[in-house]
Every structure is written in C-alpha cells, then in structure tokens.
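The next block holds one structure in the form of structure tokens; read it before the comments.
The values are calculated or read from the model by the stated rules, or taken from the named source; none is laboratory data. Keep in mind that this is a model prediction, so the values were computed, not measured. When we count neighbours, we look across all protein chains shown, and the Cβ atoms used for this are built from the backbone with ideal geometry, even at glycine. When the accessible area is computed, the model is the full protein with side chains, heavy atoms only, and any ligands, DNA or RNA have been set aside. Shrake-Rupley method; radii C 1.70, N 1.55, O 1.52, S 1.80 Å.
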Amino acid sequence: MRSALLTVCLLAAALAVPLAPVAPAPRAAAADACGTVVARSTGGYWTCTFVDNFGGSTLDTKKWIGLNQPGTGDLCTLNSPRTIGVSMGRLRLSAVKTTSTVRCPARANGTRAKYAGATVSSYYRFSQQYGRFEARIKVRNTSLPGLHEAFWLWPDTRYSSDDNWPNTGEIDVMETYSYQPSLNVPFLHYWADSYGAVDGFNTSWSCKSQRGLWHTYVLEWSYSQLSIKVDGRTCLTSTHAAPSFRKRMIMNISQYLGGGNNLYDGRVSLPATMEIDWVKAWR
C-alpha cells in the first residue's frame, strides 16, 4: 500500500514539473515567382522582379524581342524560327548558315552576311538598376574555334544614352568562347577599357565553366559593387563604383560566331545552339 502510494505521489510530482518547450519544426523556405527565396549577403531576401522559365512553345514577346541586325563581316543577327526557338522548357538560340530563304537583313550597300546568329533582348520590356540577375545556360560542347555566347546587360535607352561606348557601360555576366572550352570570361565595360583586359579588375580568367554542361551565371550589382558568380562561386568583384553602372539596364542573351583568336573556320558544324533553362532577376 505504502509502495503504491509512493508511486502515485512521485508520478504526480513528475507531472507537476513543466516540460522543456519543444522547438517548432523548421519552416519550409518561403517561395515567390522566382522560386525559393534567395538570401542577401547583407541580410534579408531578394525580391523577384522578372522570371522566364520558357514554359511555352514560342518566345514570350511581353518579356523579350528577337533582334534583326545586318551586322558586320560575315555575321548578322537574325530573328527567325531557325535561330530562335522555345520548346520543352528551354530557349534555344542558334548560329546558322544562311540560305536563299533564311537571309540576313540587307546592309546599306545591298550586301548580306553569310551567317546568322541570334540575340533575344528585354529591350523596352524590362530593365532594372541594381539587383541580382541569373541565367542557367548550356553551350555547345566543342574546343574548336568559332562559337561565342553571352548573357549581358546594356543601358536602357529610354533612360540613358548608349552613345560613347564603353563609357556608357556594359556588363557581360557570361561570355564563353569555344577555343577556351573551360572558361567563362566576364567583362565590365567602362572607362577601364582603356587599360585593356585586366584579370581581377574588369575581367576574370578564373571563372571555370566547362562547355557542354549546365552552369548558373549570377550578377549581384549595387551602387558600390558588382560581383559575378558561376555555379555559386564568386570569380570577379569590382568595387570601382563607376558612373557607367548607375543606370537601368536591359538583359540580352546571344549566340554568335567568333572572331580574332576564336574566328569561325568552318570546322564546327552548324547550326550551333545554346540552351537557356531560365532567366531571373531580383531587386
């Protein structure tokens, strides 16, 4: 009896002791139109302002325009189903040899280029000053010369002039050249162009980006700093705060043929196509 009574008293005492609070289960990361929210290095989160996952069957003309430009030499920029396509959640931009029915725009002297590349641009659709810009891209797997691809920002001429380049500003987040098959070579165009390409200053030769694989290219841009990342690794940071970068800019994606040391010599078969999985921007 005593034993039973003691057991009851101990049990009552134990129940009277408040239990330690149980930590709530971690909440799932919040999401917005761009997907899982992205944390800022300075605290807080970026706010999604633009996203295209290319889920349709044609280019979304509320977000992009395909360019037509006569170009120079043997290359033009052409908006054609042969050069710009959307399917299976991918944007595909191609460089092609022209034909009697797929022709480059005529120049003032009546000549036309023999090859056509492709550029889509958010010209007059979307622009932003500062923020985070991201694209997931795969380019043709080759080490032969001739292919040149880019994800780049250019001034929105509704708000500022594009005259007097490079002082007007241009941010090349991603530039790949097939004769350098393991590199992305970003470039910041502004007054520093007078020094040429300077590793770690206005460009980088350490942004690893093997051709033929998917890579994510990111620009984080503020008044005082521009940082470029490939697959989460920062490989170029500029703190020059150049006036050239204090303006709204549009986004562009291009598949071209190369020049100079990367001159197209015919050994890479055409069409040559880059694929884009998504493009996103945050403020």
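Quick check on region 145-152. Is at least one of its residues in contact (Cβ under 8 Å) with a residue 12 or more places away in the chain and open to solvent by 50 Å² or more (accessible area, probe 1.4 Å)? Don't jump to the end; show me each part of the working.
Let us first name the residues in region 145-152 that are in contact (Cβ under 8 Å) with a residue 12 or more places away in the chain, namely 145-152.
After this cut, where a residue has to be open to solvent by 50 Å² or more (accessible area, probe 1.4 Å) as well, the list is none.
Taking every residue of region 145-152 in turn, none turns out to be in contact (Cβ under 8 Å) with a residue 12 or more places away in the chain and open to solvent by 50 Å² or more (accessible area, probe 1.4 Å).
Look at F126 and say whether it is at pLDDT 95 or above, of a type in the set (F, W, Y), in a loop (DSSP other than H, G, I, E, B) and surrounded by 15 or more Cβ atoms within 10 Å (Cβ to Cβ).
When the stated conditions are applied, F126 passes them.
Mind checking which residues of region 253-272 are surrounded by fewer than 20 Cβ atoms within 10 Å (Cβ to Cβ) and touching a Leu at 6+ places or on another chain (Cβ under 9 Å)?
Filtering region 253-272 down to residues surrounded by fewer than 20 Cβ atoms within 10 Å (Cβ to Cβ) leaves 259-263, 265-271.
Within region 253-272, G259, N262, L263, D265, R267, V268, L270 meet the criteria.
Starting from residues that are assigned to a helix (DSSP H, G or I) and small (G, A, S), keep the ones in region 192-226 and report whichever is surrounded by the fewest Cβ atoms within 10 Å (Cβ to Cβ).
Among them, the one singled out is S194.
With the checklist (1) in contact (Cβ under 8 Å) with a residue 40 or more places away in the chain; (2) surrounded by 17 or more Cβ atoms within 10 Å (Cβ to Cβ) in hand, flag the one item N167 doesn't pass.
The single condition N167 does not satisfy is (2).
Looking only at region 273-283, which residues are hydrophobic (A, V, I, L, M, F, W, C) and surrounded by fewer than 20 Cβ atoms within 10 Å (Cβ to Cβ)?
Selection gives W278 alone.
Sort through A116, A108 and tell me the only one that's part of a loop (DSSP other than H, G, I, E, B), of a type outside the set (V, I, T) and without any contact (Cβ under 8 Å) to a residue 60 or more places away in the chain.
That would be A108, the only listed residue that is part of a loop (DSSP other than H, G, I, E, B), of a type outside the set (V, I, T) and without any contact (Cβ under 8 Å) to a residue 60 or more places away in the chain.
For region 49-75, name all the residues that are acidic (D, E), part of a loop (DSSP other than H, G, I, E, B) and within 20 Å of F133 (Cβ to Cβ).
D60 - this is the single residue of region 49-75 that is acidic (D, E), part of a loop (DSSP other than H, G, I, E, B) and within 20 Å of F133 (Cβ to Cβ).
Among the listed residues D52, D74, identify the single one that is charged (D, E, K, R) and open to solvent by less than 30 Å² (accessible area, probe 1.4 Å).
Checking each option against the conditions leaves just D52.
I'm trying to understand the selection: among the residues of region 227-252, which are under 20 Å from the mean Cα position of the chain (by Cα), in contact (Cβ under 8 Å) with a residue 24 or more places away in the chain and open to solvent by 50 Å² or more (accessible area, probe 1.4 Å)?
R233, R246, R248
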